[in-house]
Amino acid sequence: MAIKEIFAKPTVKQVIFQITFPNLFSIENKVGEFQTKIMKEFPESALIFQRQLFFTDIGDKEKLKDIEDYSDKQGTLKIWRFKSKKKCTMNVSSNSLNINSEHHKTYDLEGGTKFKDIIKFTVDCFLEITKIPIINRIGLRYINECPIPARDNEKFKSYYNTVFPLDRFNLADANEMLYKTEVRKENYNLRYIESFKKKGKKYQFILDFDASAEKISSKNYLKTTDKLHEIVNNEYGITIKEPLKKYMREGKEVS
C-alpha cells in the first residue's frame with residue numbers, strides 16, 4: 001500500500017528526523033567545522049541555551065545555595081541551531097541531531113525536493129567530523145494535518161481507514177477522539193496516533209507516524225532510515241482512501 005506519487009496538496013505538514021548518540025564531550029570544538037561544511041544549505045545559525053529542570057531531595061542538612069549553584073552549572077543545555085531558507089531547521093546538541101522540515105513533501109520520489117537528500121548531506125558531514133561509531137536511536141516522524149470531509153461517520157470513513165470506534169460513537173457528537181498505539185515492526189518501533197479535536201472554531205484531524213530504531217552502526221544509518229520511511233509510508237497508505245488521494249491530487253478544498 002506504499003504511496004508512490006507526489007501530491008499537489010499533501011497532508012504532511014511536518015517531518016522530523018533525529019539521531020541520538022552517547023554524550024560527545026568534544027562537540028563544542030567540532031561545531032565550527034561542521035557549520036562550515038553545511039553553511040551552503042543552512043546559512044542561518046544561532047546558539048541556544050535551554051534551561052533544564054533539576055529535581056533533588058535536599059534533605060535536612062543540605063544548603064539551598066549549594067543546590068542552586070549546582071543547578072546553575074548542570075541545568076543548561078547548549079543547542080546549536082541552523083536554518084535553511086526553506087523552512088528547515090537543524091538542532092545539534094552534545095547527544096543529538098535533529099532536522100525539522102515544513103518544506104519537504106517527499107522522502108525520495110523524483111519530481112520534488114527529497115528529504116532523504118538533506119538527511120544524507122547533513123549526517124554525512126556530521127559523521128565525517130565526529131567519527132561516531134554507534135547511534136543510540138534513529139527516529140523518523142511524519143505529522144499530517146488531514147481534511148475532514150464532514151462530521152459524518154460514513155463520509156469520514158470514505159476518506160480514512162480509521163481506528164476510531166465510529167460504529168459506537170457519532171463523530172458529530174465528539175468533542176475529541178484520540179487513539180495511540182506503539183508496536184514493533186520487525187526490528188523497528190512504530191508509534192501511531194489518530195487525533196480528532198477542536199482547534200479554535202474548527203475541528204482538526206491529525207495522523208502522526210513516528211518510526212524508530214535503536215543501536216545502529218553509523219555506517220548503516222541511511223539504510224535504517226530508508227526502512228523507517230518504508231514502514232511509515234506503508235502505514236499511511238493503509239490509512240488513507242481514494243477520495244483523499246483525489247483531494248490531494250487536485251488540491252481542492254473539501255466541501
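Identify, please: which residue in region 164-208 is acidic (Asp, Glu) and within 17 Å of the chain's Cα centre (by Cα) and is, among those, farthest from Glu145 (Cα to Cα)?
Glu182
Mind checking which residues of region 208-237 are outside any strand (DSSP E or B) and polar (S, T, N, Q)?
Ser218, Asn220, Thr224, Thr225, Asn233, Asn234
Kindly list the number of the only condition in (1) touching a residue at least 24 places away in the same chain (Cβ under 8 Å); (2) surrounded by 14 or more Cβ atoms within 10 Å (Cβ to Cβ) that fails for Asn153.
Answer for Asn153: the failing condition is (1).
With the checklist (1) more than 23 Å from Ile138 (Cα to Cα); (2) touching a strand residue (DSSP E or B) at 6+ places or on another chain (Cβ under 8 Å); (3) modelled with pLDDT of 95 or more in hand, flag the one item Tyr221 doesn't pass.
(1)
Mind counting the residues in region 110-135 that are at pLDDT 95 or above and not in a helix (DSSP H, G or I)?
Residues flagged as at pLDDT 95 or above and not in a helix (DSSP H, G or I) within region 110-135 amount to 6.
Can you tell me which condition Ala211 does not meet? The list is (1) loosely packed, with under 15 Cβ neighbours inside 10 Å; (2) closer than 27 Å to Ile118 by Cβ, and all the others hold.
(1)
The values are calculated or read from the model by the stated rules, or taken from the named source; none is laboratory data. In this text, all values refer to a predicted model and were calculated from it rather than measured experimentally. All Cβ positions, even for glycine, are placed from backbone atoms using ideal geometry, and neighbour counts span all protein chains on display.
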